[in-house]
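Encoded as structure tokens, the structure appears first; notes follow it.
The values are calculated or read from the model by the stated rules, or taken from the named source; none is laboratory data. In this text, all values refer to a predicted model and were calculated from it rather than measured experimentally. Here the Cβ is made from the backbone with ideal geometry for all residues, glycine too, and neighbour counts use every protein chain on show. When the accessible area is computed, the model is the full protein with side chains, heavy atoms only, and any ligands, DNA or RNA have been set aside. Shrake-Rupley method; radii C 1.70, N 1.55, O 1.52, S 1.80 Å.
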Amino acid sequence: MSNKVILLNSITDASSSDDIVITGSHGGLYPAAIASNWQMRAVVFNDAGLGLENAGVAGVMALEKIGMAVAASDSQSCCIGSATDTLERGVIKIANSIALDLGVSPGMPVADSLKHLMNAPKPYGKLPIIHEARKQTTLPGLDSPIRLLDSASLICSEDEGEIVITGSHGGLVGGDPLRALKARAKVAVFNDAGVGIDQAGITRLPILNETGIAAVTVDCQSARIGDAGSALETGLISHTNKIAENIGARKNANLKSWLKTL
């Protein structure tokens, strides 16, 4: 049985299996599918403010179906995007039945949960891989399509100069400004993940302002985190950087309506 604890600021940085993982990623379906694909033994995600339809922890419950012990830290206790902060300050917000049976409980420090997760059974299956995490769509009046990426990790060079909507949280991964965005998009959209402690869920926005990119977050209660299509269809803008504000982005405005004006 594994006794190795791995800290991953983003679950997309995974490169090994059979480990106990603490990650700064939200606990939605896309990160859960990655954890399952790597056959991790147990994982602690961030609850991302829970959000619309509890999307921030949907993966926590999905992984229960394949026998994986999973919990999520409270975004008000530690910074989303930081595994180190999760370990140092994080408090468990929710756990699936497998983790609960091991002794993990809401209100428990993440650091204390590790002694229980060390006894986690090996998962007996895998979640389906999410193949359609990158799509594109059009809006009336816009010359180019909108890129819909359920994870910001999917951004690539072809997204230069485009409108990019991600399902990812708006926090800096590991606090690293170099990981704010992998391409110089025209507009970048994220989920605010409930904003959380130290306003961690929106820390990409000022950094992207410095690099000339208009960036906004949508309220996690208005769109499912991890689902770029949900952000486009029902997302309400919660925070903007100065460049986005200068081109009309406003708090509580409908994201799609604003994009149609660009």
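Is it the case that some residue within the range 130-148 is among the polar types (S, T, N, Q) and open to solvent by less than 30 Å² (accessible area, probe 1.4 Å)?
No, the range 130-148 contains no residue that is among the polar types (S, T, N, Q) and open to solvent by less than 30 Å² (accessible area, probe 1.4 Å).
Rundown of residues vs (1) in contact with a His (Cβ under 9 Å, 6 or more places away or on another chain); (2) more than 30 Å from Ala32 (Cβ to Cβ), yes/no style:
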site: Phe190; (1), (2): yes, no
site: Ile207; (1), (2): no, no
site: Ala231; (1), (2): no, no
site: Ile247; (1), (2): no, yes
site: Lys251; (1), (2): yes, yes
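Any residue in the range 218-233 that is over 25 Å from Ser10 (Cα atoms), more than 17 Å from the chain's Cα centre (by Cα) and surrounded by fewer than 19 Cβ atoms within 10 Å (Cβ to Cβ)?
Scanning the range 218-233 turns up at least one residue that is over 25 Å from Ser10 (Cα atoms), more than 17 Å from the chain's Cα centre (by Cα) and surrounded by fewer than 19 Cβ atoms within 10 Å (Cβ to Cβ).
To keep it simple, each residue is scored yes or no on (1) hydroxyl-bearing (Ser, Thr, Tyr); (2) part of a strand (DSSP E or B); (3) touching a residue at least 40 places away in the same chain (Cβ under 8 Å); (4) buried (at least 24 other Cβ atoms within 10 Å of the Cβ).
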| site | (1), (2), (3), (4) |
| --- | --- |
| Gly24 | no, yes, yes, yes |
| Val43 | no, yes, no, yes |
| Gly67 | no, no, yes, no |
| Ala71 | no, yes, yes, yes |
| Ser77 | yes, no, yes, no |
| Leu100 | no, no, no, no |
| Ser105 | yes, no, no, no |
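Give, as residue ranges, the helices (runs of 4 or more DSSP H) completely inside the range 188-262 that count at least 1 residues that are in contact (Cβ under 8 Å) with a residue 60 or more places away in the chain, touching a Lys or Arg at 6+ places or on another chain (Cβ under 8 Å) and under 14 Å from Val164 (Cα atoms).
228-234
Name the residue, out of Ala215, Ala193, Ala188, that is open to solvent by less than 10 Å² (accessible area, probe 1.4 Å), on the phi > 0 side of the Ramachandran plot and within 17 Å of the chain's Cα centre (by Cα).
Ala193
At least 1 residues that are of a type in the set (Ser, Thr, Tyr) in each: list the strands (runs of 3 or more DSSP E) lying fully within the range 133-186 that qualify. Step through it out loud before you land on a result.
On the way: elements: 134-137, 146-149, 163-169.
Filter on the range 133-186 gives 134-137, 163-169.
Would you confirm whether or not the range 51-60 contains a residue that is over 26 Å from Gly229 (Cα atoms) and surrounded by fewer than 24 Cβ atoms within 10 Å (Cβ to Cβ)?
The first filter runs over the range 51-60 and keeps only residues over 26 Å from Gly229 (Cα atoms), leaving none.
Looking through the range 51-60, none of the residues is over 26 Å from Gly229 (Cα atoms) and surrounded by fewer than 24 Cβ atoms within 10 Å (Cβ to Cβ).
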